[in-house]
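Below is one structure; the comments refer to it alone.
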Amino acid sequence: MAGRGGAKKEMDPEEQMRRKFRAKCLFRALGRLAMANTYWLIEASDHYEGVENVKRRVEQAVRGKAKKKQLLGINDKTLLNKPAEERTEQEKKYLYRIIGGLKCFKRYPNHVKKKLAAVTYFKYYGPGRTIVRQHHEAHALYFIVTGDVVVSQLVFDELLQQYVSVDVGVMHPGDMFGEVSLLHNIPRTATVTTTGHCELLALMKEDFKNVLQASVQKQWDEVRRAMSAFTYFDALDEVARREGCIVAKMKSYEPNETLLGDGVGVANFVYFILSGRCQMIESMQVIVNTRLGRTSYALYDPYIPKEESEQDFEAKYFGALKKESRSSETTTKETISGQIKSAISKTGRETSKDVDAEGEGKLISALKQDRPSSSMRHESMHIVIAESSKTDTVDEDSDNKTSEEFLKPGEQQEIRSSVRLSVIPEMGPLQVPQNLRTYFMQVCQLNPGSSFGFGENMRDRRIVALTPVECMLLPKIWLLQRNTANIWTRIQHYLEKKIPTKKQLFKEFVAARRWNEFREQLVTDVVSRSNTVNWTSVHDVPYSIRMEEMLDI
């Protein structure tokens with residue numbers, strides 16, 4: 001008897017096998033997804049330290065482990081894995097509050113952030129994972145939340161006759177990659193690999209076209225216009241211009257804001273001024289002394305050694321080897337006798353008789369020669385020790401052996417105490433001179449079309465904006481790799497030649513000070529000599545002169 005629902009329809013065996021295979025594939029995909037995301041799913045669990053120490057494990061379990069502050073919690077990551085079409089308005093607002101303040105989204109306005117929060121997905125990659133591969137089709141754009149990634153490219157090696165992987169750079173949290181292929185509809189231009197645990201936010205290709213393509217295209221057009229304003233980049237091809245748009249940074253500065261110097265600015269980047277004016281300011285330390293009513297100025301720069309003349313050089317390095325006068329023979333004998341007695345007393349030996357006249361004569365003849373004073377002293381010490389060793393004996397601890405028996409054949413030739421001559425004075429603590437004043441001078445002004453940051457001297461210098469300034473920043477290493485006709489090295493050499501040095505600025509400073517002092521003194525002298533009353537009025541001036549002065553051209 002058939003059931004109430006009627007006879008059960010049998011399923012086609014092929015359809016049944018197809019469904020089983022699909023279920024098996026889905027289960028395997030789910031298992032791989034769970035294994036790939038195990039790291040962030042168990043990040044809140046406590047890991048014990050010291051497995052064998054039970055007491056310490058119990059203390060850790062009772063005390064609890066301090067949780068590391070995360071940019072995104074487990075609930076936030078779970079919500080970001082939810083399909084975009086299933087997210088409610090309340091969840092979208094919550095995600096906007098969470099990821100709207102991330103470093104990678106600060107460059108976009110609020111209405112773009114709200115759209116990004118609604119369509120981005122959370123992605124996790126372990127160490128050594130390849131996120132995108134060169135020459136593959138692009139499917140998404142990625143924002144780095146935590147972790148670092150390495151960007152590499154395949155370059156053909158002429159020596160090996162094969163393609164090798166070359167690291168181009170490293171990207172950090174807040175950076176974005178993958179927009180080039182989506183914007184220009186081309187394959188991936190580089191390979192991106194993780195260096196550690198990385199958390200990313202992915203924006204799919206369709207969502208990129210609807211949400212972010214207009215903003216990214218605007219940024220690219222702005223960089224391309226900036227590069228076209230400089231003739232330096234006319235020789236670059238389309239690929240090089242695209243790379244320049246990727247690595248370029250656009251910066252805006254307010255008046256009196258420091259662009260570069262004093263620890264401010266982007267290191268290893270070259271600045272290209274697009275609009276506005278800025279000035280280079282240098283600080284100088286000047287020693288001001290006033291004597292007999294006259295002021296003198298001296299530049300104080302402890303980082304630059306003082307220039308030495310030939311006379312100072314000889315006195316410094318060869319002064320110890322010269323003697324201006326020689327003492328008489330009687331004085332020399334008295335000096336030698338004193339040296340002999342002091343040398344014998346230092347060696348701790350007690351002699352029953354003085355050194356013979358023959359040894360003393362040798363010393364006198366040796367000292368009469370043209371030798372340095374330090375050499376005379378050590379020669380006399382050597383002879384005194386040699387003469388005394390013939391008559392004296394060593395202590396009983398050395399088995400009544402003379403000092404000559406303890407010396408090796410190579411050491412019997414000469415006994416000489418070691419001497420260290422230091423001609424370089426030891427540098428003590430830096431002493432700041434009195435009456436030291438700091439002055440700031442304008443070195444030069446930089447107008448639109450100027451560039452700086454090629455490696456020129458920036459010690460005690462900074463670049464400050466005079467008006468609102470717009471700059472394009474490009475990495476110096478990227479420019480040097482495209483150094484057509486050695487243009488960037490020539491620009492650096494030009495800047496070093498044209499920008500005045502500290503000594504030149506100091507001369508201008510002294511000249512300006514002298515002129516101000518002379519002008520003030522001249523005015524004071526003229527005013528002090530004028531004791532009469534000046535009755536001249538405007539009516540005493542001829543009409544022709546007054547008409548020309550009053551004429552408004």
Rounded to whole Hz and in sequence order, give me ³J(HN,Hα) for the stretch 519-527 from the Karplus expression 6.51 cos²θ - 1.76 cosθ + 1.60, θ = phi - 60°, writing x for Gly and Pro.
5, 5, 5, 5, 5, 5, 5, 5, 5
Would you work out which of Asn483, Pro542, His493 lies farthest towards the positive end of the dipole of the stretch 462-546? Charges go on Cβ: Lys and Arg +1, Asp and Glu -1.
Asn483
Around Gln217, with a cut-off of 12 angstrom between Cβ atoms, what is the net charge of the other residues, counting Lys and Arg +1 and Asp and Glu -1?
0
List the relative contact order of the stretch 74-233 as a percent without decimals, with contacts defined as Cα pairs under 8 Å and 6+ residues apart.
28
Counted charge near Lys93, where neighbours are those whose Cβ lies closer than 12 Å (Asp, Glu -1; Lys, Arg +1):
+3
Val132 long-range amide H proximity, modeled H, under 5 Å
Val192
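Of Lys20/Lys82; Lys115/Lys476; Lys24/Lys113; Lys82/Lys218; Lys218/Lys498, which sit over 32 Å apart, Cα to Cα?
Lys115/Lys476; Lys24/Lys113; Lys218/Lys498
With +1 on each Lys and Arg Cβ and -1 on each Asp and Glu Cβ, and nothing else charged, work out how big the dipole of the stretch 74-233 is about its Cα centre, in Debye to the nearest 20.
About 660 debye.
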On the first, second and third principal axes, largest extent first, how far apart are the outermost C-alpha atoms of the stretch 74-233 in Å?
59, 41, 24
Ranking of Ile144, Ile499 by count of other Cβ atoms within 10 Å, fewest first
Ile499, Ile144
Most exposed first, judged by fewest Cβ atoms within 10 angstrom, Leu26, Leu479 run Leu26, Leu479
Between Val443 and residues 5 or more places away or on another chain, which pairs have amide H atoms under 5 Å apart, with H built 1.01 Å from N, and which residues are they?
Met280, Ile281, Glu282
Can you check what the net charge comes to around Lys82, using other residues whose Cβ is under 12 Å from the Cβ of Lys82 (Lys, Arg +1; Asp, Glu -1)?
-1
Exposure-ranked with fewest Cβ neighbours within 10 Å first, Asp207, Asp460, Asp148, Asp221 stand as Asp221, Asp148, Asp460, Asp207
Can I get the semi-axes of the stretch 86-169's equivalent ellipsoid? Compute them from the C-alpha gyration tensor as square roots of 5 times the eigenvalues, in angstrom, largest first.
36, 13, 12
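Throughout, read-outs are computed from the coordinates displayed, never taken from laboratory work. What you see is a predicted model; the values in this text were computed from it and never measured. Cβ sites come from the backbone with ideal geometry, for glycine too, and all protein chains shown count toward neighbours.
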